[in-house]
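Student: I have a structure I would like to understand better, so I am pasting it below and will then ask my questions one at a time.
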């Protein structure tokens with residue numbers, strides 16, 4: 001993608017005022033998407049973005065510059081700007097050898113760029129027809145197809161030069177249903193680090209039927225209860241609970257700043273003994289699959305909480321250097337315009353042994369959450385929220401009436417410690433985008449069915 | 001790359017249009033600086049220049065779009081070819097099309113400070129470092145600062161089309177923000193302060209630090225309270241957040257496709273008679289002020305709510321065509337996106353009094369300090385509203401116990417009709433909204 005000798009020269013310019021570390025990150029992204037809405041193929045969009053981000057680390061400070069100009073002069077200018085921004089005061093003249101070569105090739109079987117656009121738009125029409133077949137209550141259907149190929153090369157003054165080629169393909173459907181109670185929505189999405197072969201294993205019509213059925217079911221929903229109740233979270237999308245309740249709080253940058261409730265608690269029991277939390281960038285094809293992170297470090301399966309005991313935090317390169325330890329493969333960036341920081345990949349809780357049906361049967365009065373939307377956490381206090389996009393009452397050990405959308409709120413450490421049942425039905429959830437400090441990256445989450453004995457349900461009913 | 005003439009570049013690309021082909025080109029260039037301070041040092045200093053080009057092709061109602069992050073001729077030519085190819089796969093939309101010049105003159109505003117370009121790197125660094133230091137020093141209970149940030153940008157863009165649109169626009173912004181952490185030994189709470197202006201001289205660092213410190217420290221000892229129906233008070237910043245969500249449900253794309261709870265209610269009373277709301281990007285006081293919108297049409301004032309009555313929706317040229325009216329100049333976009341529809345500079349019609357006076361009028365209630373999970377807890381189609389919150393109880397018009405880990409819930413429809421007090425102290429938010437404190441009765445608070 002780019003001449004290694006040019007990368008080496010750029011690094012030497014970046015270190016021209018001294019510095020402990022320098023890095024060049026070159027990215028070339030091609031995206032294509034097609035949107036269907038309101039009964040028609042609405043628009044197809046193609047994007048191309050290429051450029052380089054250069055950083056220079058001096059002590060605890062980082063200088064960063066980025067440029068869309070990948071010529072010799074463009075990169076040298078950006079390297080000088082980064083060096084000036086890092087305010088190094090040392091002598092330059094350091095030479096760099098790029099001798100630690102790493103590579104991660106695409107796992108896509110069928111490159112979406114080689115697939116005719118007509119086949120992509122046909123998927124959208126198929127999804128629309130399937131959703132509308134759910135009945136006259138369905139009044140609006142939107143669907144989106146997207147693919148991206150992101151090729152990156154990162155080279156640094158430690159001699160690492162890592163090339164990565166990542167193809168993702170995704171599809172989502174949103175349905176609006178209208179009834180006596182107003183409008184309701186249903187949404188399903190699918191996304192993998194894979195090529196167009198994604199649709200050999202997944203039928204978009206089925207995805208659309210699920211979204212439509214959800215919207216129609218919710219028309220009968222009554223207001224959600226309010227107050228503290230036992231909450232049973234279904235396998236799959238419930239993994240967002242751990243992403244918010246503890247994942248962010250285990251990111252080493254927040255820990256180091258005292259902005260995490262989990263700071264200083266390594267080796268302590270921070271969760272129920274039923275809980276083992278893993279962040280794993282090696283899960284081939286999952287939305288958070290990241291064989292080499294954006295700093296060129298290989299992914300790993302990192303056990304963060306083992307049987308309830310806090311065993312490790314997540315690190316990027318800078319935080320690992322500061323801590324004098326190896327990284328964990330969690331240095332990620334939204335694009336070449338962004339500095340890397342500590343981010344999750346695929347975060348999940350491992351399966352337990354209980355039959356999920358028994359967890360519901362054993363709950364006298366509570367809420368069953370079939371699908372969770374996004375969430376948010378204040379890592380300093382540990383308070384988190386996440387949205388129910390399909391939920392039901394549990395009455396007398398049975399799932400009964402649907403309830404309207406609302407948020408659940410809890411405190412990370414309290415909720416983790418209280419989990420009293422974990423099912424044997426592990427599943428990964430929908431593809432997600434995790435936001436932190438203005439940067440969004442793709443992440444996966446997963447969980448078996450589980451129960452938290454007390455979460456605050458943010459409804460309007462008494 | 002030398003500084004290209006954006007307007008000439010856009011016009012040159014439009015000149016490549018084939019006969020019968022509608023072509024619109026938006027190009028942007030921006031420079032930005034971000035300084036993050038932590039622990040008395042510069043954590044990072046980012047200096048950047050970005051380019052964007054977006055090409056929209058419309059042929060017989062079929063729309064194709066392509067974008068790129070550079071002005072390199074090979075990349076731009078590829079983008080044009082892709083946009084054309086994309087248009088052939090779209091289905092014809094009778095309302096699709098480019099904006100047409102509508103004769104509305106652009107306001108004579110130029111939200112650009114020439115002083116920004118002369119600000120030295122050292123001064124930017126000092127602003128971030130001083131902010132962190134002032135925040136730490138303000139109160140012994142402040143245990144740390146997650147990050148103190150100075151940022152600025154200078155952005156210029158141009159838009160041209162085969163329908164005769166030819167517009168340029170530019171803006172500078174500078175901001176300071178800080179997130180403070182307060183600790184009483186048992187728990188940690190965060191508070192946030194922010195200020196935004198056209199250049200560093202417009203920023204008030206003392207105010208930013210004081211706001212973050214006040215918000216973090218006053219939550220010390222916060223705990224959940226029992227569930228109840230309460231009057232919720234939102235300060236100007238949080239009121240702006242809520243009104244921004246409401247404004248999104250009043251946008252042409254949601255409304256014309258039946259995706260808004262207010263879609264069929266034009267001309268009806270949908271809010272308390274106390275509430276007036278309009279969008280006006282010609283008001284130079286707003287951070288969102290700009291002479292033209294994302295399709296190059298002049299910005300203008302659009303009344304949304306007057307005395308609680310729903311007067312209008314916001315439209316870009318396509319959604320307006322579908323609604324059978326004219327654009328309200330509400331196209332929002334970056335060069336890399338198709339024009340959407342959105343409020344650009346919302347403004348509340350002020351009532352009376354500052355926050356303290358609103359608290360006194362309400363007597364008992366819950367002052368919301370932060371709302372969490374807005375993206376997951378608000379359904380802009382059904383109107384269901386449920387968000388995590390922290391803040392302080394209000395008793396006898398005075399602030400009382402701090403509260404955390406509760407939710408507040410209602411629907412967007414009810415929140416609007418239940419407004420019982422509108423403050424008069426207009427404050428401009430970074431989002432562009434000119435906002436005042438609001439009080440809303442009968443909101444379900446869910447706690448322990």
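Student: So, in segment B:94-113, of the ones that are crowded, with 18+ Cβ neighbours inside 10 Å and in contact with a helix residue (DSSP H, G or I) (Cβ under 9 Å, 6 or more places away or on another chain), which residue ends up nearest to residue B:173 (Cα to Cα)?
Tutor: Among them, the one singled out is B:113.
Student: Among the numbered criteria (1) touching a residue at least 60 places away in the same chain (Cβ under 8 Å); (2) under 19 Å from residue A:250 (Cβ atoms), which single criterion is violated by residue A:414?
Tutor: Checking residue A:414 against (1) touching a residue at least 60 places away in the same chain (Cβ under 8 Å); (2) under 19 Å from residue A:250 (Cβ atoms), the one that fails is (1).
Student: Hey, another quick one. Within segment A:189-213, can you find the residues that are touching a helix residue (DSSP H, G or I) at 6+ places or on another chain (Cβ under 8 Å) and not in a strand (DSSP E or B)?
Tutor: Correct list: A:195, A:196, A:199, A:204, A:205, A:206, A:207, A:208, A:209, A:211, A:212.
Student: Would you be able to say whether some residue in segment A:48-64 is in contact with a strand residue (DSSP E or B) (Cβ under 7 Å, 6 or more places away or on another chain) and outside any strand (DSSP E or B)?
Tutor: For segment A:48-64, residues in contact with a strand residue (DSSP E or B) (Cβ under 7 Å, 6 or more places away or on another chain) and outside any strand (DSSP E or B): present.
Student: Out of B:82, B:91, B:73, report the one residue that is within 8 Å of another protein chain (Cβ to nearest Cβ), more than 26 Å from the chain's Cα centre (by Cα) and surrounded by fewer than 19 Cβ atoms within 10 Å (Cβ to Cβ).
Tutor: Values: B:82 fails: surrounded by fewer than 19 Cβ atoms within 10 Å (Cβ to Cβ); B:73 fails: within 8 Å of another protein chain (Cβ to nearest Cβ).
That would be B:91, the only listed residue that is within 8 Å of another protein chain (Cβ to nearest Cβ), more than 26 Å from the chain's Cα centre (by Cα) and surrounded by fewer than 19 Cβ atoms within 10 Å (Cβ to Cβ).
Student: Counting just the residues of segment A:253-273 that are in contact with a strand residue (DSSP E or B) (Cβ under 7 Å, 6 or more places away or on another chain), modelled with pLDDT of 95 or more and crowded, with 19+ Cβ neighbours inside 10 Å, which one comes out nearest to residue A:418 (Cα to Cα)?
Tutor: A:271
Student: Report the residue count in segment A:422-440 for those that are away from chain B (no Cβ under 14 Å) and buried (at least 23 other Cβ atoms within 10 Å of the Cβ).
Tutor: From segment A:422-440, those away from chain B (no Cβ under 14 Å) are A:422-428, A:431; that's our starting set.
Now restrict to residues that are buried (at least 23 other Cβ atoms within 10 Å of the Cβ): A:422-423.
Of the residues in segment A:422-440, 2 are away from chain B (no Cβ under 14 Å) and buried (at least 23 other Cβ atoms within 10 Å of the Cβ).
Student: Next question. Scan segment B:238-259 and give yes if some residue there is touching a strand residue (DSSP E or B) at 6+ places or on another chain (Cβ under 9 Å) and farther than 30 Å from residue A:178 by Cα, otherwise no.
Tutor: yes
Student: Would segment B:365-376 turn up any residue that is within 30 Å of residue B:80 (Cβ to Cβ), in contact with a strand residue (DSSP E or B) (Cβ under 8 Å, 6 or more places away or on another chain) and crowded, with 20+ Cβ neighbours inside 10 Å? Before you say what the answer is, go through the steps one by one.
Tutor: Residues of segment B:365-376 within 30 Å of residue B:80 (Cβ to Cβ): none.
No - not one qualifying residue is present in segment B:365-376.
Student: Can you find a residue in segment A:247-257 that is within 14 Å of chain B (Cβ to nearest Cβ) and under 20 Å from residue A:360 (Cα atoms)?
Tutor: No, because not a single residue in segment A:247-257 is within 14 Å of chain B (Cβ to nearest Cβ) and under 20 Å from residue A:360 (Cα atoms).
Student: Report, by residue number, each residue of segment B:398-426 that is over 14 Å from residue B:274 (Cα atoms), surrounded by fewer than 18 Cβ atoms within 10 Å (Cβ to Cβ) and in contact (Cβ under 8 Å) with a residue 40 or more places away in the chain.
Tutor: Within segment B:398-426, B:399, B:401, B:426 qualify.
Student: For residue B:267, all conditions in the list (1) within 14 Å of chain A (Cβ to nearest Cβ); (2) without any contact (Cβ under 8 Å) to a residue 60 or more places away in the chain hold save one; what is the number of the exception?
Tutor: (1)
Student: Same structure again: Kindly provide the set of residues from segment B:146-189 that are farther than 19 Å from residue B:44 by Cα, within 14 Å of chain A (Cβ to nearest Cβ), surrounded by 22 or more Cβ atoms within 10 Å (Cβ to Cβ) and in contact (Cβ under 8 Å) with a residue 40 or more places away in the chain, ordered by number.
Tutor: B:182, B:188, B:189
Student: Among the numbered criteria (1) over 19 Å from the mean Cα position of the chain (by Cα); (2) modelled with pLDDT of 95 or more, which single criterion is violated by residue B:386?
Tutor: Failing condition for residue B:386: (2).
Student: If you don't mind, there's one more thing I want to ask. Could you check, for segment B:122-135, whether at least one of its residues is touching a helix residue (DSSP H, G or I) at 6+ places or on another chain (Cβ under 7 Å) and either in a loop (DSSP other than H, G, I, E, B) or at the interface with another protein chain (Cβ under 10 Å from one of its Cβ atoms) (or both)?
Tutor: Looking through segment B:122-135, none of the residues is touching a helix residue (DSSP H, G or I) at 6+ places or on another chain (Cβ under 7 Å) and either in a loop (DSSP other than H, G, I, E, B) or at the interface with another protein chain (Cβ under 10 Å from one of its Cβ atoms) (or both).
Student: Could you identify the single residue in B:48, B:3 that is modelled with pLDDT under 95 and closer than 30 Å to residue B:133 by Cα?
Tutor: Working: B:3 fails: closer than 30 Å to residue B:133 by Cα.
Checking each option against the conditions leaves just B:48.
Student: Being more than 19 Å from residue B:188 (Cα to Cα) and assigned to a strand (DSSP E or B) is the filter; apply it to segment B:356-379 and report the residue that is nearest to the chain's Cα centre (by Cα).
Tutor: The first filter runs over segment B:356-379 and keeps only residues more than 19 Å from residue B:188 (Cα to Cα), leaving B:356-367, B:373-379.
Then drop every residue that is not assigned to a strand (DSSP E or B), which leaves B:365-367, B:378.
Details: B:365: 28, B:366: 25, B:367: 22, B:378: 17 Å.
In this case the residue turns out to be B:378.
Student: If a residue must be over 24 Å from the mean Cα position of the chain (by Cα), assigned to a loop (DSSP other than H, G, I, E, B) and more than 12 Å from chain B (Cβ to nearest Cβ), how many such residues does segment A:220-237 contain?
Tutor: Matching residues across segment A:220-237 total 1.
Student: Going by the conditions given, is residue B:395 more than 20 Å from the chain's Cα centre (by Cα) and within 14 Å of chain A (Cβ to nearest Cβ)? Working first, answer last.
Tutor: Working: more than 20 Å from the chain's Cα centre (by Cα): yes; within 14 Å of chain A (Cβ to nearest Cβ): no.
So residue B:395 fails the test.
Student: Could I ask something else about it? I'd like the full set of residues that are crowded, with 23+ Cβ neighbours inside 10 Å and over 20 Å from residue A:448 (Cβ atoms), limited to segment A:275-288.
Tutor: A:281
Student: Is it true that some residue in segment A:194-211 is within 14 Å of chain B (Cβ to nearest Cβ), more than 30 Å from residue A:453 (Cβ to Cβ) and in contact (Cβ under 8 Å) with a residue 24 or more places away in the chain?
Tutor: So in segment A:194-211, the residues within 14 Å of chain B (Cβ to nearest Cβ) come out as A:211.
If we keep only those that are more than 30 Å from residue A:453 (Cβ to Cβ) too, we end up with A:211.
From the residues that got through so far, the ones that are in contact (Cβ under 8 Å) with a residue 24 or more places away in the chain too are A:211.
Checking segment A:194-211: at least one residue is within 14 Å of chain B (Cβ to nearest Cβ), more than 30 Å from residue A:453 (Cβ to Cβ) and in contact (Cβ under 8 Å) with a residue 24 or more places away in the chain.
Student: For residues in segment B:380-389 being more than 7 Å from chain A (Cβ to nearest Cβ) and assigned to a strand (DSSP E or B), which is surrounded by the most Cβ atoms within 10 Å (Cβ to Cβ)?
Tutor: B:389
Student: Taking the condition assigned to a loop (DSSP other than H, G, I, E, B), crowded, with 24+ Cβ neighbours inside 10 Å and in contact with a strand residue (DSSP E or B) (Cβ under 7 Å, 6 or more places away or on another chain), does residue B:343 pass?
Tutor: Values: assigned to a loop (DSSP other than H, G, I, E, B): yes; crowded, with 24+ Cβ neighbours inside 10 Å: yes; in contact with a strand residue (DSSP E or B) (Cβ under 7 Å, 6 or more places away or on another chain): yes.
Judged against the criteria, residue B:343 is a match.
Student: Something else about it: Out of A:213, A:205, A:137, I need the residue that is within 26 Å of residue A:236 (Cβ to Cβ) and either out of contact with any strand residue (DSSP E or B) (no Cβ under 9 Å at 6 or more places or on another chain) or outside the structural domain of residue A:44 (by TED's automatic domain parsing) (or both). Which one?
Tutor: Numbers: A:213 fails: either out of contact with any strand residue (DSSP E or B) (no Cβ under 9 Å at 6 or more places or on another chain) or outside the structural domain of residue A:44 (by TED's automatic domain parsing) (or both); A:137 fails: either out of contact with any strand residue (DSSP E or B) (no Cβ under 9 Å at 6 or more places or on another chain) or outside the structural domain of residue A:44 (by TED's automatic domain parsing) (or both).
On inspection, the qualifying residue turns out to be A:205.
Student: Out of all the residues in segment A:48-62, which are facing chain B (nearest Cβ under 7 Å) and more than 20 Å from residue B:71 (Cα to Cα)?
Tutor: A:60, A:61, A:62 - these are the residues of segment A:48-62 that are facing chain B (nearest Cβ under 7 Å) and more than 20 Å from residue B:71 (Cα to Cα).
Student: Just the residues that are over 24 Å from residue A:351 (Cβ atoms) and in contact with a helix residue (DSSP H, G or I) (Cβ under 7 Å, 6 or more places away or on another chain), please, taken from segment A:255-296.
Tutor: Those that are over 24 Å from residue A:351 (Cβ atoms) and in contact with a helix residue (DSSP H, G or I) (Cβ under 7 Å, 6 or more places away or on another chain): A:256, A:260, A:261, A:263, A:295.
Student: Also: Test residue A:186 against the criterion of being touching a helix residue (DSSP H, G or I) at 6+ places or on another chain (Cβ under 7 Å), within 14 Å of chain B (Cβ to nearest Cβ) and surrounded by 24 or more Cβ atoms within 10 Å (Cβ to Cβ), and give yes or no.
Tutor: On the way: touching a helix residue (DSSP H, G or I) at 6+ places or on another chain (Cβ under 7 Å): yes; within 14 Å of chain B (Cβ to nearest Cβ): yes; surrounded by 24 or more Cβ atoms within 10 Å (Cβ to Cβ): yes.
Spelling it out, residue A:186 is indeed touching a helix residue (DSSP H, G or I) at 6+ places or on another chain (Cβ under 7 Å), within 14 Å of chain B (Cβ to nearest Cβ) and surrounded by 24 or more Cβ atoms within 10 Å (Cβ to Cβ).
The values are calculated or read from the model by the stated rules, or taken from the named source; none is laboratory data. It should be emphasised that the depicted structure is a prediction, and the values quoted were computed from it without experimental measurement. Every residue, glycine as well, gets a Cβ built from its backbone with ideal geometry; the counts of neighbours run over all protein chains shown.
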